[in-house]
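Data first, discussion second: the structure below is written as C-alpha cells.
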Amino acid sequence: MAAMLFKDSSYPVSFLVQAIDLGQIALPDIQRPFVWQATKVRSLFDSMYKGFPVGFLLFWETDADPGARQIGTGKAVPRYLIVDGQQRLTSLYAVMKGMEVLREDYSAARIRIAFRPADETFAVTDAAIEKDPEFIPDISVLWTAESFLQTVREFHDRLTAKRSLDQAESDRLAETLGRLRGLDGYLFKVMELSSNVDEERVAEIFVRINSEGVTLNQADFILTLMSVFWEKGRRELEDFCRAAKTPTLDTASPFNWYIQPQPPQLLRVTVALAFQRAVLKNVYTLLRGRDPESGSHSPQGRQERFAKLEEAQAHVLNLTHWHEFLLCLERAGFRSSKMISSDNAILFTYAMWLFGKVHYGVPIPRLREVIARWFFMAHTTGRYSSSFESQAERDFALLDGIAPGDTDGYCETLDNLINDTLTNDFWTITLPNGLATSAAKSPALMAYIAALNIHDAPALLSRIRVRARLDPAVIAKRGIERHHLFPRKHLRGTLQVTDTNKINQIANMALVEWYTNIAISDREPSAYWPEEVAEANLPSGELARHAYLHALPENWHAMDYQSFLTARRHLMAQVTRDAFTLLRDQSYHPKYPAPGALEAVPKPNGVFGVKIADLIDLGLLEVGATLIDHQRGTDATAVVTSDGKIDVDGETFDTPSGAACAVLDVKSCNGWEFWYAATENGLKLLSDLREEFAQRAAQPGLPE
C-alpha cells in the first residue's frame, strides 16, 4: 500500500476562523490576492446553508519549532499553511469577521452579502437591497454584532414598518436567521500534508486537485515562507509594488515609467543580491533551512538565511537605489515601458547594479555608465529571454572571484562580457538580421530608437527631437510617429508587394512628424522625397546628419525596395553602434524633459472653420469614404460625396452635424464627434481628422 502523504480531519468554520485569529493557520496570498467575485462568495454561503458539500481544504504543516516567532514581529509562527482553499477560507473569514480583503489591484474592499429570510435567498448587496427591509443587507452582523437577538429584533422592526407579520411568520424568520448564523458550525473536510512533503509534491498535489487550473511556482512558495517566518518583509514588498503603480505628488514613491513590478519579480532581485542565485527552487531550499546533503532542517540556518534576505530586501526597496538605477535605463536611451520588451532585462540588470553599489562600492557616475551599457547589451540581445535563470546565475558567477570593494574588478568584468557579446560580427551581421522583421517591439528596433535618443536625433526632416516627444506620460499622439518610407499603397499597387510583414519591415519605417505622414500619402519615394526635402529647407550639413541618423542610403528614393531594406538595416545597425560607443563617453549626459512637462497638443485655432471638402483636398478623407456611428449603436451609415457633403440613405447634408441630427432625430448635436470615418489606418473620428487638418495647415510644428 502506498504511503499516505496526508491525514484527514474535519473542523467547524468557527474553529478555522479562530485559528486564523490566533495565528495557528496562515492565510497567505499563495494564489495572489483575493480574486473571487462577490457572486462566488454568495454561492458559497448559499451552498453551505443548503447543506451542500463545498469541497475540502488542503493544509501544509510548517516545520517551525513550537514557540518560534516571526522575524521582526514577535508573533508566533503558524502551524499550518493553506495550500488549497484560500479563496473559500478568506471569504468565510472576511464575511464572518466583517473584514476587508485585498483585491488584485491592491485596493481594500468589504465583501457584502445580503440575505432575505422570507425565501432564504442570498444576494450581492446593492443600492436597491440596502433600501429593501426584506433583506439583511450585510450578513456579517449575524456574527459581529454584540447581540444576535438585538440584530433579529432590528430586522423585525424594519420589516414590520413596511408590512404586518403574524407570530408564526415572525418565529419562522427568526428561526431562519438562527440557522444562517449557525453556519459557523459547518464542518469542513481538511487534508493536512506533513511538513516532510517537499514543495514539488505539494505543487503537484495542488494542480491535481485544484479545479481552477491555477499552478504554483517557486516564487509562490518563497512568498509563502515569507508570510510564515517574515510577514513584515512580505508586506513591505507588496506595498512597494502597489506604490509603483501610481504616481504621487507630495511624497517619494517607487513609481516609474519602465516597469510596474510584481512581488515575485522583485523577489528575484532580492534573492539574487542575498544569495547570488536566480534558480528559485534552490533558494526555497535554503530558506527552509534544509541541509543540501543530509536533508535535515536547521532552525538556525533558516534564521541566518532570512536575515540575509532581510538585509538584501532593504537595498532592493531603497528608493534612492531604485531611482538611481532607473537613470541607467534613461542614459541607455530607453524612455519608457513602450520601449521595453523584457522585464527580466530590467530586473537582472537591477541586481547587477545592486552588486556594484552594495558589494563593490562603485561610485554612482561610474556605475551609471557601466550599467547603462550592460542594460543596452542585455535588452538588445535578449539575454534574459529564454533559460533566464541559468543565464543570470552564470552572470552572477562571474563576480565570484572579485573581492568585496574591488570597484575596478567589478567594472572590468562587466566590460569584458559586454565586449565579448557585442562583437564586430554582432554589429555587422546579427543586429542587421535582427532588424529584418516587422515586430513592433523587436529588441533590435528598440535599440535603434534608443540610439536616436542617445544621439538626440530630430525626427526626419524636422527640428523636433525624438527624445523630447517620446514622452512616457502622454499616451496621445504628440507629433512624431513611425511611417512607411515606401508607402503601403505604392508597395501593394505599383510594386505588387502584398505581404504585410514585408510592407511593415522595420527598415521601411522612419520617425516623422505626423503631418509629413499625411502629406506623403501613397506616393512613391522618388515623387514625394524631393518635395519634402525642399519644403524642410535644411542646410546641407544638417540634411546629411538627418540622412545619417535615419539610416537613409544615398539616393535611397531611387532604389528598388529589397535593396533599400538591406542597405538601411546595415546603416541602422551602424547608427546604433555609434550611439552605444557614446555611452562610454563620460561627457555624455542625456537631458530629457520631465515626463508630462510638455503640454498636450492643443486644439488648433480655426478648427471650427474646417469643412469636409478641406479634409478631402488634403487627402485625410477620400470621396466615397464610409461614415458610421461607432459608439451610440444606431447602426447608421453615411457616404462622403465628391462635393464634400454627406449622403444618408439618399438624403444629402452639408455638414456632419446636419447628418447626425437627422439620424438621431434631434435639433442640435455635434456631428464631428458622432461620425467615424473608415480610413486606411482604421476608424477615426471626424473631429480627429479635422484637428489633423488644422495642425497641417498651421505647420510651424511643436515647440522643442
Counting only residues that are β-branched (Val, Ile, Thr), assigned to a loop (DSSP other than H, G, I, E, B) and more than 30 Å from Ala244 (Cβ to Cβ), how many does the stretch 107-164 have? 2
Please enumerate the residues belonging to the stretch 603-619 that are closer than 14 Å to Trp672 by Cβ, of a type in the set (A, V, I, L, M) and at pLDDT 60 or above. Val610, Ile612, Leu615
Reported set for the stretch 449-471 where residues are part of a helix (DSSP H, G or I), open to solvent by 10 Å² or more (accessible area, probe 1.4 Å) and at pLDDT 90 or above is Ile449
Answer with yes or no whether Thr576 is open to solvent by 50 Å² or more (accessible area, probe 1.4 Å), closer than 29 Å to Thr437 by Cα and either of a type in the set (Val, Ile, Thr) or at pLDDT below 90 (or both). no
Exactly one of Phe52, Phe59 is open to solvent by 30 Å² or more (accessible area, probe 1.4 Å) and modelled with pLDDT of 75 or more, and that one is Phe52
Condition check for Arg103: within 31 Å of the chain's Cα centre (by Cα) and either surrounded by fewer than 16 Cβ atoms within 10 Å (Cβ to Cβ) or under 19 Å from Phe15 (Cβ atoms) (or both): yes
Out of the stretch 165-176, which residues are in a loop (DSSP other than H, G, I, E, B) and either at pLDDT 95 or above or among the charged types (D, E, K, R) (or both)? Asp166
Failed condition for Val362, given (1) surrounded by fewer than 19 Cβ atoms within 10 Å (Cβ to Cβ); (2) more than 25 Å from the chain's Cα centre (by Cα); (3) assigned to a loop (DSSP other than H, G, I, E, B): (1)
Can you list the helices (runs of 4 or more DSSP H) found entirely within the stretch 229-310 that contain at least 2 residues being among the β-branched types (Val, Ile, Thr) and either touching a Leu at 6+ places or on another chain (Cβ under 9 Å) or touching a residue at least 60 places away in the same chain (Cβ under 8 Å) (or both)? 263-275
All positions within the stretch 319-341 that are open to solvent by 20 Å² or more (accessible area, probe 1.4 Å) and part of a loop (DSSP other than H, G, I, E, B): Ser341
Looking at the stretch 110-155, which of its residues are of a type in the set (A, V, I, L, M) and open to solvent by 30 Å² or more (accessible area, probe 1.4 Å)? Ala118, Val124, Ala127, Ala128, Val141, Ala145, Leu149
Single residue of Ser668, Ser687, Ser642 found to be hydroxyl-bearing (Ser, Thr, Tyr) and open to solvent by less than 20 Å² (accessible area, probe 1.4 Å): Ser687
When the residues of the stretch 342-359 are filtered to those that are within 16 Å of Asp406 (Cα to Cα) and hydrophobic (A, V, I, L, M, F, W, C), which remaining residue is most open to solvent (accessible area, probe 1.4 Å)? Val358
So, in the stretch 285-300, how many residues would count as being modelled with pLDDT of 75 or more and either open to solvent by 40 Å² or more (accessible area, probe 1.4 Å) or over 18 Å from Phe221 (Cα atoms) (or both)? 1
Under 23 Å from Asp343 (Cβ atoms), without any contact (Cβ under 8 Å) to a residue 24 or more places away in the chain and in contact with a helix residue (DSSP H, G or I) (Cβ under 7 Å, 6 or more places away or on another chain): is that true of Leu398 in this structure? yes
Against the definition (assigned to a helix (DSSP H, G or I), touching a Pro at 6+ places or on another chain (Cβ under 8 Å) and crowded, with 23+ Cβ neighbours inside 10 Å), how does Thr380 come out, yes or no? yes
What residue, among those in the stretch 223-249 that are among the β-branched types (Val, Ile, Thr) and under 25 Å from Glu304 (Cα atoms), is surrounded by the fewest Cβ atoms within 10 Å (Cβ to Cβ)? Val228
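The values are calculated or read from the model by the stated rules, or taken from the named source; none is laboratory data. None of these values were measured; they are calculated from a predicted model. All Cβ positions, glycine included, derive from the backbone under ideal geometry; neighbour counts span all protein chains shown. Heads up: the accessible areas ignore ligands, DNA and RNA and are worked out on the full protein's heavy atoms, side chains in. Shrake-Rupley method; radii C 1.70, N 1.55, O 1.52, S 1.80 Å.
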